[in-house]
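Some notes on the structure that comes next.
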Amino acid sequence: MLGRLARWLRVLGFDTYYDREAEDDALIALCRREGRVLLTRDGRLARRRTVPHAVLLREEDPDAQLREVAGVFGIRRPLAFLSRCPLCNAPLVETPRAALRGEVPPYVWKTQRVFARCPRCRKVFWGGTHVGRIRARLSKLGLLE
Ligand SMILES: [Zn+2]
C-alpha cells in the first residue's frame, strides 16, 4: 500500500520500483540484484535475513510516509524534480512541441512550450497548474527550498 509514496519519490527524482503484486521473494531478489533499499510496512518482511537493507515504515498517511522516508535518508530537496515518470519510474525525455500536435489537448498545445514523454508508458507531461500544486505540497513537507 505504498503506491502514493512511490509516486512522490519519483516526482522527487528517486529511482523507485513499485509493484503491489510482487511476491516477497521476488522483491528481495530485486533489492539484492539492483542494490535497492526495501521500504515496507511489513515488519516480518523487513526482518527477513535475506533482505540487504530495509526501512520499516510506521506511518500510514502518504505525506507522513514521505516525511518519514525523507528523515531516514536525510532528504531535504528533490534529487531531480519531475525527471521521472510518476506512474512507471522511467526517466522522462524532453520532447519537441511540434512532435506532439494532436497528442495533447489543443489548449495545452497552444499554451505550453516544454513537454516531456515517458519512453516506457508514452504518457506526455507538461508544466501547468498541477506543477504549482506539487511544489506547494512538497514545500509544506519541507522538501523544496
Ligand atoms: Zn511512464
- Going through segment 122-131 in order, the residues found to be more than 14 Å from the ligand (Cβ to nearest atom) and either of a type outside the set (Phe, Trp, Tyr) or within 16 Å of the chain's Cα centre (by Cα) (or both) are Gly127, Gly128, Thr129, His130, Val131
- Note on the structure: Apart from one, (1) within 18 Å of the chain's Cα centre (by Cα); (2) assigned to a helix (DSSP H, G or I); (3) modelled with pLDDT of 95 or more all hold for Leu39; the odd one out is (2)
- Which one of the conditions (1) more than 16 Å from the ligand (Cβ to nearest atom); (2) in a loop (DSSP other than H, G, I, E, B); (3) under 14 Å from the mean Cα position of the chain (by Cα); (4) small (Gly, Ala, Ser) does Ala80 fail to meet, given that it meets all the rest? (1)
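Let's see how each residue does on (1) within 16 Å of the ligand (Cβ to nearest atom); (2) in contact with a helix residue (DSSP H, G or I) (Cβ under 7 Å, 6 or more places away or on another chain); (3) closer than 26 Å to Ala116 by Cβ:
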| residue | (1), (2), (3) |
| --- | --- |
| Ile28 | no, no, no |
| Glu59 | no, yes, no |
| Glu68 | no, no, no |
| Arg84 | yes, yes, yes |
| Glu94 | yes, no, yes |
| Ala99 | no, no, yes |
- Failed item in (1) more than 18 Å from the chain's Cα centre (by Cα); (2) surrounded by fewer than 13 Cβ atoms within 10 Å (Cβ to Cβ), with Glu21 passing the rest: (1)
- Go through Ala64, Ala46, Ala54 for me and flag whichever is among the small types (Gly, Ala, Ser), free of Cβ contacts under 8 Å to residues at least 60 places away in the same chain and crowded, with 17+ Cβ neighbours inside 10 Å. Ala54
- Message: All but one of (1) within 23 Å of Tyr17 (Cβ to Cβ); (2) hydrophobic (A, V, I, L, M, F, W, C); (3) assigned to a loop (DSSP other than H, G, I, E, B); (4) away from the ligand (no atom under 14 Å from the Cβ) hold for Ile134; state the number of the condition that does not hold.
- Response: (3)
- Scan segment 83-109 residue by residue and report those that are more than 25 Å from the chain's Cα centre (by Cα) and surrounded by 15 or more Cβ atoms within 10 Å (Cβ to Cβ). Trp109
- Note on the structure: If we ask which residues in segment 115-131 are in contact with a Phe, Trp or Tyr (Cβ under 8 Å, 6 or more places away or on another chain) and assigned to a loop (DSSP other than H, G, I, E, B), their number turns out to be 1
- Note on the structure: Only one of Gly74, Gly127 is free of Cβ contacts under 8 Å to residues at least 24 places away in the same chain, of a type in the set (Gly, Ala, Ser) and over 28 Å from Arg41 (Cβ atoms), namely Gly127
- within 16 Å of the ligand (Cβ to nearest atom) and more than 18 Å from Leu12 (Cα to Cα), is that true of Pro119? yes
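The values are calculated or read from the model by the stated rules, or taken from the named source; none is laboratory data. All values derive from a computational prediction rather than experimental measurement. Note that each Cβ is placed from the backbone with ideal geometry, even for glycine, and that neighbours are counted across all protein chains shown.
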